[in-house]
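In what follows, a single structure is set out as structure tokens and then discussed.
What follows draws every value from the coordinates through simple rules; no lab data is involved. On a predicted model such as this, the values are computed, not experimentally measured, just so you know. Reconstructed Cβ throughout: ideal geometry from the backbone, glycine too, with neighbour counts over all protein chains shown.
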Amino acid sequence: MADNNYYSIADQDGVVIENKDFPDPGVNSQDYSDIFKLSHATNIVLRNSSIAGGTEDCIDMNRDCNNILIENVRLHSGGSYCMTIKGGTKNVTLKDIIVQAHGKETDIDLGNWSDQSNELTTNITLEDVQSMDGSPVRVRVLWADPPTVINSNVKVTVVPKWMVAIYRFLRKHHLVP
């Protein structure tokens, strides 16, 4: 079943969004899976904004996104994650990020399952990533390289690639959900 996304950027290059809060006033974020969705997008900047998350993510990047800057953004999870970066996405910088409400499963999920790409998620930088309550921002690394962490309060959990590879094989052959 396809996600119901509030705002999507797909197959685009060079989009800059600044000083925007998602979703718009009066919109219930829980009516959406992801609030800000990037798919096969390049050279994207989201700056000076806030996002109230849907049932899955505040931000979801998938299908070979490249050169993404998310800067000075406040994330308030409404579901499993604040952010998912997957599907061969590379060269992402998360800078000056404040997690206002943690995700139920984890906060930043790197390399989760993607139906669109089997490529590894690489070159993710977390700079000045914090939570509002002072607890560590939880980062889970699946089918991805561990992120570069600069001046951040994060707890990075790396799941061994051999375990992820087994899961991916089983998922590809519809043997697990």
*Modelled label-to-label distance, L175 and V45, 7 Å Cα→beta-carbon offset: nm?*
4.7
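Most exposed first by the Cβ proxy, i.e. fewest other Cβ within 10 Å, how do M61, M163, M83, M132 rank? All intermediate terms of the calculation are to be shown ahead of the outcome.
Details: M61 32, M163 10, M83 29, M132 13.
The order, fewest Cβ neighbours first, is M163, M132, M83, M61.
Which value results when the Cα radius of gyration for segment 1-136 is divided by 2.2 N^0.38 Å?
Details: Rg = 13.3 Å, N = 136, 2.2 N^0.38 = 14.2 Å.
That works out to 0.94 for segment 1-136.
Counting each DSSP H run of 4 or more residues in the chain as -39500 (n - 2.57), what helix-only mean residue ellipticity at 222 nm follows after dividing by all residues, to the nearest 500 deg cm²/dmol? Please list the in-between numbers first.
Working: 1 runs with 12 residues, N = 177.
Helices in the chain give a 222 nm mean residue ellipticity of -2000 deg cm²/dmol.
Which length gain, in nm to one decimal place, applies between A165 and D133 when the Cα-Cα distance is subtracted from 0.36 nm times their residue separation?
Details: separation 32, 0.36 × 32 = 11.52 nm, distance 3.46 nm.
The span from A165 to D133 would gain 8.1 nm if fully extended.
From the square roots a ≥ b ≥ c of the eigenvalues of the alpha-carbon gyration tensor of segment 48-123, which class results: rounded (a/c under 1.5), prolate (a/b over b/c), or oblate?
Values: a/c = 2.34, a/b = 1.35, b/c = 1.73.
Oblate is the answer for segment 48-123, as a/c is 1.5 or above yet b/c matches or exceeds a/b.
Between N91 and I17, what length in nm is gained on full extension when 0.36 nm per residue of separation is reduced by their alpha carbon distance? Numbers along the way, then the final one.
Values: separation 74, 0.36 × 74 = 26.64 nm, distance 1.81 nm.
Taking N91 through I17 to full extension adds about 24.8 nm, to one decimal.
Hey, can you rank 17-25, 151-159 by average C-beta count inside 10 Å, highest first? Display every interim value, and only then the final one.
Numbers: 17-25: 12.9, 151-159: 15.1.
Packing proxy ranking, top to bottom: 151-159, 17-25.
Which ordering of D11, D145, D57 is given by a fewest-first count of other beta-carbon atoms within 10 Å? Working shown, then result.
On the way: D11 9, D145 16, D57 30.
Ranked by crowding around the Cβ, least crowded first: D11, D145, D57.
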*Counting only C-alpha contacts under 8 Å and six or more residues apart, can you give the relative contact order of segment 5-172 as a whole percent?*
15
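If neighbour count is taken as other Cβ atoms inside 10 Å, put W162, W113 in order from fewest to most. Numbers along the way, then the final one.
On the way: W162 8, W113 17.
Least to most surrounded, the residues fall as W162, W113.
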_Could you tell me how far the Cα centroid of segment 51-72 sits from the Cα centroid of segment 149-177, in Å?_
18
